[in-house]
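Q: Before anything else, here's the structure in question.
The values are calculated or read from the model by the stated rules, or taken from the named source; none is laboratory data. All values reported here derive from a predicted model rather than from experimental measurement. When we count neighbours, we look across all protein chains shown, and the Cβ atoms used for this are built from the backbone with ideal geometry, even at glycine.
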Amino acid sequence: MLTGVLHRLAARPWVYDQVQNLAGAKRVVEKLSQGIAPLSAKVVVDIGGGTGTAGNLFAPDCRYICLDVELPKLMGFRSRFPSGLAVLGDATSMPMIDCCADMVICKSVTHHLTDLMLARTLDESRRVLRAGGHVILLDAVINRQRLAGRMLWRLDRGSYPRTEEDLRERLESRFKIIHWEKFAIYHEYVFGIGVKG
């Protein structure tokens, strides 16, 4: 019951951003920034983009598309980026044409998806990417040895934490992996970059 109240509260844009910051989101975004800096992209789709924290990582002439299933978060995105493109939609069936994006970002999303939903999300990411486009996968992974991580997983709305090996295998089945690393804040995280061949 208390967890449900906390989840509804965390759906509010300002609260969501503060909770993410407490959980180490700024360091995650810094890692993301370093990884994508050498990549060029004119059209970026950020699936599960929330309030658009990754939007600041791209040049002003980049078309940043924030895709999310929660309208309050997209409203928070639009208040920060009035000219940004907010799309209310599901990553398992993106309302976009084939080969329209140079980059798809999947940050802190996979642990919210069932196995079937994750497979569809990766397939959709491949569909909307142009040849040579990059998929960016960054998410917390389960490590039962980390006390802080176990506590955070109890509070997280995501019900499907996965191992590093599982996420790598899923990404590798659809993309050529050009970067893979694991790092820790409170959770352990994986950061992978794949290329559509």
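Q: Tell me, please, whether a residue that is exposed (fewer than 15 other Cβ atoms within 10 Å of the Cβ), within 21 Å of HIS179 (Cβ to Cβ) and in contact with a strand residue (DSSP E or B) (Cβ under 6 Å, 6 or more places away or on another chain) can be found in segment 137-145.
A: no
Q: Can THR110 be described as more than 26 Å from ASP61 (Cβ to Cβ), within 10 Å of the chain's Cα centre (by Cα) and of a type in the set (S, T, N, Q)?
A: Taking the combined requirement at face value, the residue satisfies it.
Q: Within segment 41-74, can you find the residues that are assigned to a helix (DSSP H, G or I) and either farther than 23 Å from THR121 by Cα or aromatic (Phe, Trp, Tyr) (or both)?
A: Residue satisfying the conditions is ASN56 alone.
Q: Just to be sure, is ARG150 farther than 16 Å from CYS106 by Cα and modelled with pLDDT under 95?
A: Yes.
Q: Still on this structure, please answer the following. Condition first: among the acidic types (Asp, Glu), assigned to a strand (DSSP E or B) and at pLDDT 95 or above. Now tell me which residues in segment 161-190 satisfy that.
A: GLU181
Q: Is segment 86-101 home to any residue that is surrounded by fewer than 16 Cβ atoms within 10 Å (Cβ to Cβ) and either touching a Phe, Trp or Tyr at 6+ places or on another chain (Cβ under 7 Å) or not in a loop (DSSP other than H, G, I, E, B) (or both)?
A: Yes, segment 86-101 contains at least one residue that is surrounded by fewer than 16 Cβ atoms within 10 Å (Cβ to Cβ) and either touching a Phe, Trp or Tyr at 6+ places or on another chain (Cβ under 7 Å) or not in a loop (DSSP other than H, G, I, E, B) (or both).
Q: Any chance segment 34-50 includes a residue that's more than 17 Å from VAL135 (Cβ to Cβ), at pLDDT below 90 and either buried (at least 19 other Cβ atoms within 10 Å of the Cβ) or not hydrophobic (A, V, I, L, M, F, W, C) (or both)?
A: No: segment 34-50 contains no residue that is more than 17 Å from VAL135 (Cβ to Cβ), at pLDDT below 90 and either buried (at least 19 other Cβ atoms within 10 Å of the Cβ) or not hydrophobic (A, V, I, L, M, F, W, C) (or both).
Q: Sticking with this structure for a sec: I'm checking my understanding of the structure. Among residues of segment 51-85 that are in contact (Cβ under 8 Å) with a residue 12 or more places away in the chain and of a type in the set (Gly, Ala, Ser), which one is surrounded by the fewest Cβ atoms within 10 Å (Cβ to Cβ)?
A: Top of the filtered list is SER79.
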